[in-house]
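Below is one structure, written out as structure tokens; the observations come after it.
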Amino acid sequence: MSEPQAPKGTYDLLPDDAEGRDLVVATAAVVFAAYGYRRIVTPEFEDTALFERGVGEATDMVRKEMYTFSDKGGRSLTLRPEGTAPICRAYVEHGMHKLPQPVKLWYYAPMFRYERPQAGRYREHFQLGAEAIGSADPQVDAEIIAMLAQLYEELGIGELRLAVNSMGDQVCRPAYVERLRDFLGGRQAELCPECRERTQLNPLRTFDCKKETCRAVLGEAPQIVDHLCADCRAHFERVTLLLGDIGLDPQVDFRLVRGLDYYTRTTFEFSSAHLGAQSGVGGGGRYDGLIELIGGSPTPGVGFGTGVERISLVMGVRESAKSGPDAYFVCYDERLRARVFTLVQQLRSELLLEVDLDLAGRTPKGQLKQADRSGALRAVLVGLEWLDPGTARVRDLRNGDEDDVALDALADWFAAANDTAEGAP
RNA sequence: GUGGAGGUAGCUCAGCUGGUAGAGCUCCAGGUUGUGGCCCUGGCGGUCGCGGGUUCGAAUCCCGUCCUUCACCCCA
């Protein structure tokens with residue numbers, strides 16, 4: 001064990017970046033509130049069975065990406081790999097079906113998946129997400145997509161592509177999957193080994209393949225949009241219509257097959273051309289069978305998750321507008337250190353001013369240098385030998401203006417300075 | 001799990017075909033500004049990722065391993 005290091009696929013958010021993160025989350029909170037969503041916080045880990053049943057035994061997520069462990073009581077627990085199943089669990093557990101439907105919830109939480117890290121992908125990553133549970137109305141689908149689009153807009157992210165698709169439901173999807181399997185069965189020779197395997201396991205996944213030869217074959221494959229039942233077709237048309245009405249430009253993409261089993265009907269994804277291989281910024285869909293699957297009564301739902309690391313990537317590096325403290329105290333006489341300490345404390349507690357002082361035993365020159373580097377508005381020079389012992393010199397570090405102030409009057413001086421500063425435009 | 005690239009001071013990097021490690025920035029101090037920003041000087045700071053091998057001698061070549069990174073898979 002030499003240099004300590006964050007675990008593979010994890011990272012430290014250092015102060016400069018944490019401020020940007022706070023801004024993203026704060027913006028989301030405001031946008032989500034406008035749509036009537038309220039925040040929910042669920043545990044970082046859940047019973048493993050929740051994800052196995054909810055997300056689906058056949059998905060990559062539960063087959064090879066979960067951080068699963070047993071606690072000392074022998075329970076099998078799993079670090080949350082996605083946000084929807086836990087929220088549905090909470091919905092059922094707390095009887096939220098008694099609330100006015102749909103129940104609208106949002107979250108900001110870390111997700112854990114054991115994957116090989118790469119650009120925009122981590123083993124611990126953070127998602128902002130929202131779920132609207134209890135209504136099958138296509139307006140809810142459109143609303144939640146609009147909400148996510150607005151979040152991106154408020155954050156200044158442009159040029160995102162919105163892809164939508166419908167996965168059908170229990171009525172029409174099985175028949176379509178069979179039809180697709182038949183089609184693929186007849187074209188096996190043209191498919192890559194992986195796609196040949198998928199033909200039996202999960203034919204829908206072949207749409208994800210990026211190999212040219214496979215894409216060519218899939219281009220001729222039957223598309224689910226042409227095989228939806230009447231209800232699903234009407235729902236899908238309504239969603240796309242509403243999205244168009246509010247100025248979004250949804251592109252129907254029959255390849256959009258998301259990797260979680262619970263999706264029904266609407267699926268959607270926002271992607272960016274500036275992200276590298278992992279281009280998805282956020283996505284989600286409807287999951288009308290999920291609540292029942294995890295033990296509730298049949299309840300429809302729709303939601304999304306969006307990765308904040310990817311949001312940061314598309315937003316690019318933004319200069320942190322961190323401003324310096326209001327004042328930095330410089331002590332010219334070691335015997336006055338204690339006096340300076342109490343003065344600083346007084347300004348902080350009485351006026352809530354951001355005030356700093358030297359905590360590293362620097363020389364007076366070093367302290368003033370530090371005051372400058374910290375970006376402080378003012379330096380308060382205490383203990384200058386040619387001044388009254390009870391007087392400090394307050395210097396504006398921007399323009400050099402100086403004012404001599406009695407130590408006892410410093411708090412009043414700063415209070416007054418603050419008032420005029422706030423009164424000014 | 002598979003493949004490509006890379007791992008030298010806190011940061012960004014140099015170090016050619018092997019001869020016992022350098023720069024800039026940062027940090028600390030001194031000088032000059034009656035007391036900061038510029039400039040000058042000095043100082044702190046490296047088991048050259050780790051382990052093995054070849055060699056008189058390896059940061060430099062070979063093997064392994066760990067980590068980082070990009071891509072596949074899949075997803076946020």
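Only the coordinates and a few stated rules stand behind these numbers; no lab work does. Bear in mind the structure is a predicted one, so any value in this text is a computation, not a measurement. Cβ: placed from backbone, ideal geometry, glycine included. Neighbour counts: every protein chain shown.
Data table
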{"item": "Qualifying trypsin sites (Lys or Arg not before Pro) for the range A:158-266 [loop in DSSP, other Cβ within 10 Å: at most 10]", "result": "A:K210"}
{"item": "Net dipole in debye of chain A [+1 Lys, Arg Cβ; -1 Asp, Glu Cβ; about Cα centre; nearest 20]", "result": "1520 debye"}
{"item": "Where trypsin sites (Lys or Arg not before Pro) fall in DSSP loop in the range A:353-392, at most 13 other Cβ within 10 Å", "result": "none"}
{"item": "Computed over the range A:57-121, Kirkwood Rh from alpha-carbon pairs, angstrom", "result": "14.2 Å"}
{"item": "Additional length obtainable on full extension of the chain from A:D249 to A:A26, 0.36 nm per residue less Cα span", "result": "77.6 nm"}
{"item": "Relative intensity, log₁₀ I(q)/I(0), of the range A:1-150 from a Debye sum that treats every alpha carbon as a point, q = 0.11, 0.14, 0.18, 0.19 Å⁻¹", "result": "-0.52, -0.83, -1.25, -1.32"}
{"item": "Across A:K72/A:K104; A:K64/A:K210; A:K8/A:K104; A:K72/A:K98, pairs whose alpha-carbon gap is larger than 29 Å", "result": "A:K72/A:K104; A:K8/A:K104; A:K72/A:K98"}
{"item": "For A:D169, residues with placed amide H under 5 Å, excluding near neighbours", "result": "A:C229, A:R265"}
{"item": "Chain A, helix-only ellipticity at 222 nm - DSSP H runs n ≥ 4, -39,500 (n - 2.57), divided by all residues, nearest 500", "result": "-11000 deg cm²/dmol"}
{"item": "Residue of A:P193, A:P364, A:P110 that the Gaussian network model of chain A assigns the largest fluctuation, springs spanning Cα pairs under 10 Å", "result": "A:P364"}
{"item": "For chain A, the longest site-free run once GluC sites (Glu not before Pro) in DSSP loop states with at most 12 other Cβ atoms within 10 Å are removed", "result": "A:58-158"}
{"item": "Solvent-free Debye scattering, log10 I(q)/I(0), computed from the Cα coordinates of the range A:327-423 at q = 0.12, 0.15, 0.16 Å⁻¹", "result": "-0.33, -0.53, -0.60"}
{"item": "Qualifying trypsin sites (Lys or Arg not before Pro) in the range A:67-159, DSSP loop, other Cβ atoms within 10 Å at most 13", "result": "A:K72, A:R75"}
{"item": "Span from the the range A:257-315 Cα centroid across to the the range A:17-48 one, whole angstrom", "result": "16 Å"}
{"item": "Packing-based exposure ordering (other Cβ within 10 Å, fewest first) of A:W106, A:W413", "result": "A:W413, A:W106"}
{"item": "Nearest 10 degrees, 0 to 90: helix A:173-185 Cα axis against chain A principal axis", "result": "70 degrees"}
{"item": "Principal axis box of the range A:123-197, alpha-carbon based, largest edge first, Å", "result": "48, 31, 26"}
{"item": "Nearest-0.05 FRET efficiency for A:H274 and A:D333, computed from C-beta distance (R0 45 Å)", "result": "0.20"}
{"item": "Computed over the range A:272-384, Kirkwood Rh from alpha-carbon pairs, angstrom", "result": "18.9 Å"}
{"item": "Cut-off 12 Å (backbone N to label point 7 Å along Cα→Cβ of A:T213), residues of the range A:190-206", "result": "A:190-196"}
{"item": "Average Cα contact separation per residue, chain A, under 8 Å, 6 or more apart, as relative contact order %", "result": "15 percent"}
{"item": "Extension reserve of the A:A33-A:N399 stretch, reckoned as 0.36 nm per residue once the Cα distance is removed", "result": "127.4 nm"}
{"item": "Prolate/oblate/rounded call for the range A:155-310, Cα gyration tensor, a/c under 1.5 rounded", "result": "oblate"}
{"item": "Of A:G247, A:G361, A:G20, the one that fluctuates the most in a GNM where chain A has Cα springs shorter than 10 Å", "result": "A:G361"}
{"item": "Label point distance in nm, A:K365-A:D408, each placed 7 Å from Cα along Cα→Cβ", "result": "3.6 nm"}
{"item": "Radius ratio Rg over Rh of chain A, counting only Cα atoms, Kirkwood formula for Rh", "result": "1.13"}
{"item": "Nearby aspartates and glutamates by direct alpha-carbon distance to A:K211 (threshold 12 angstrom, same-chain neighbours under 8 apart not counted)", "result": "A:E190, A:E194"}
